[in-house]
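Written out below as structure tokens is the structure these notes cover.
The values are calculated or read from the model by the stated rules, or taken from the named source; none is laboratory data. Keep in mind it's a predicted model, so treat the numbers as computed, not measured. Note that we place each Cβ from the backbone using ideal geometry, even for glycine, and neighbour counts take in every protein chain shown.
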Amino acid sequence: MAILDNTSLQLPKENPGAEDFLPLLGTDHVELYVGNAKQAAHYYISAWGFQPLAYAGLETGLKDKVSYVLQQDKIRLVLTSPLRSGGPINKHIDAHGDGVKAIALWVDDATKSHHETTKRGADSYLEPKTLKDKDGEVVLSGIHTYGETVHIFVERSNYNGVFLPGYISWNPHYKAPEVGLKYIDHMVGNVGWNEMDKWCRFYEKVMGFAQLISFDDKDISTEYTALMSKVMSNGNGRIKFPINEPAEGRKKSQIEEYIEFYNGAGVQHMAMATDNIIETVTALKNRGIEFLTVPASYYEDVLDRVGEIDEDLMPLKELSILIDRDDEGYLLQIFTKPILDRPTMFIEIIQRKGAKSFGKGNFKALFEAIEREQESRGTL
Ligand SMILES: [Fe+2]
């Protein structure tokens, strides 16, 4: 099923420094390893408005794991749990808690993608493998990236099934309305001390990415904590991977807290785009999603900083939605509190109105909000 539309295959060059030798057509799906996929699926359906799409488990012939696939517009999440003890998924969950295992990327040729990236130094995770069923075939391959996270290359042009061979369509009686999430805007990795440059070079060398922007600890620091960040992107700009590392501050930064609880590097947040952030965030709050808030004083001078915007300020203030501007326009964004018990992963909701940046002007207000949360956890 062609979920990602083929009309945009002409791949406009958004990041001229990047070399598109793969090329990457978009994010195919994100797979999370979770302790209880059945219950996690209910959460993403009822709270986040994802629609049930596909299923694989004992009933489909799997012996040791189960996966639920959910979809909202172009975003597909796969939630996978082990069915027995002691396997690799169990070890992953034991080490990291629930978290992102695979950022799967949509390509024309998964065999070539594997060859091109491993030839440039990537460690193979999955040799090219063809999966077939009555609906056609899919070729998958994979490489390792930071921590225990992997990239899977998905070639699906000869497939018409619901998700991947081996999955059946999943149509439970309970569904909840979508909340307007459209696509993955960016996926952020947290890496250890002094490892940001190493992983940026990895994306440069292995996948042909180029750096879009960098932020040092002067940009991203408060009185207490700091971090550094660089944004890597592929040539057509559809794949954006900011990489963060901790920086020295008076207290423990949120990146160190993440690394401690995740037991190493991993995905810190998924940013999901919407065309109407006020409606999306209102719906999510009504369904119980908790967001970081900023003090009311943030809104007193925000319009002096960002200039005129289309939205009324009042609903943005009531929802604690942040605003920032760059040379090309503005953006609206908000961040959830961690969506797990471990203070590790969270989700960003972003609406771009021309801006291609990541909300640098909000970093200070945002990190002060995170510090208040860390304080309450005793991890600051
Ligand atoms: Fe972000």
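Values computed for the structure shown
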read-out: Check on ALA40, of a type in the set (Gly, Ala, Ser), in a strand (DSSP E or B) and surrounded by 15 or more Cβ atoms within 10 Å (Cβ to Cβ); value: no
read-out: Residues of segment 330-345 that turn out to be away from the ligand (no atom under 11 Å from the Cβ), out of contact with any Phe, Trp or Tyr (no Cβ under 6 Å at 6 or more places or on another chain) and in a strand (DSSP E or B), as a count; value: 2
read-out: Residue count for segment 295-329, restricted to those that are part of a loop (DSSP other than H, G, I, E, B) and surrounded by fewer than 19 Cβ atoms within 10 Å (Cβ to Cβ); value: 11
read-out: Count of segment 346-368 residues which are more than 14 Å from the ligand (Cβ to nearest atom) and out of contact with any Phe, Trp or Tyr (no Cβ under 6 Å at 6 or more places or on another chain); value: 3
read-out: Residue check, PRO165 touching a helix residue (DSSP H, G or I) at 6+ places or on another chain (Cβ under 9 Å) and closer than 30 Å to HIS42 by Cα; value: no
read-out: Criterion (at pLDDT 95 or above and β-branched (Val, Ile, Thr)) met by exactly one of ILE220, ILE184; value: ILE184
read-out: Residue check for MET228: in the same structural domain as VAL191 (by TED's automatic domain parsing), within 16 Å of the ligand (Cβ to nearest atom) and more than 14 Å from ASN190 (Cα to Cα); value: no
read-out: Any chance ASP197 is among the acidic types (Asp, Glu), within 16 Å of the ligand (Cβ to nearest atom) and out of contact with any helix residue (DSSP H, G or I) (no Cβ under 7 Å at 6 or more places or on another chain); value: no
read-out: The lone exception for ASN244 - which of (1) within 14 Å of the ligand (Cβ to nearest atom); (2) in a strand (DSSP E or B); (3) in contact (Cβ under 8 Å) with a residue 60 or more places away in the chain it fails; value: (3)
read-out: Residues (over 14 Å from GLN254 (Cβ atoms), at pLDDT 95 or above and of a type in the set (Asp, Glu)) located in segment 325-380; value: ASP341
read-out: Selection status of VAL188, over 25 Å from ILE349 (Cβ atoms) and under 17 Å from the mean Cα position of the chain (by Cα); value: no
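Per-residue answers, yes or no, for (1) part of a strand (DSSP E or B); (2) in contact with a Lys or Arg (Cβ under 9 Å, 6 or more places away or on another chain); (3) buried (at least 19 other Cβ atoms within 10 Å of the Cβ):
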{"residue": "PRO177", "(1), (2), (3)": "no, no, no"}
{"residue": "MET187", "(1), (2), (3)": "yes, yes, yes"}
{"residue": "ASN194", "(1), (2), (3)": "no, no, no"}
{"residue": "PHE202", "(1), (2), (3)": "no, no, yes"}
{"residue": "GLN211", "(1), (2), (3)": "yes, yes, no"}
{"residue": "LYS218", "(1), (2), (3)": "no, no, no"}
{"residue": "LYS252", "(1), (2), (3)": "no, no, no"}
{"residue": "GLU260", "(1), (2), (3)": "no, yes, no"}
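This table checks each residue for (1) in contact with a Pro (Cβ under 8 Å, 6 or more places away or on another chain); (2) without any contact (Cβ under 8 Å) to a residue 40 or more places away in the chain; (3) within 16 Å of the ligand (Cβ to nearest atom); (4) over 22 Å from SER357 (Cβ atoms).
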| position | (1), (2), (3), (4) |
| --- | --- |
| THR145 | no, no, no, yes |
| GLU155 | no, no, no, yes |
| ASN160 | no, no, no, yes |
| ILE168 | no, no, no, yes |
| ASN171 | yes, no, no, yes |
| GLU178 | no, no, no, yes |
| ILE184 | no, no, yes, no |
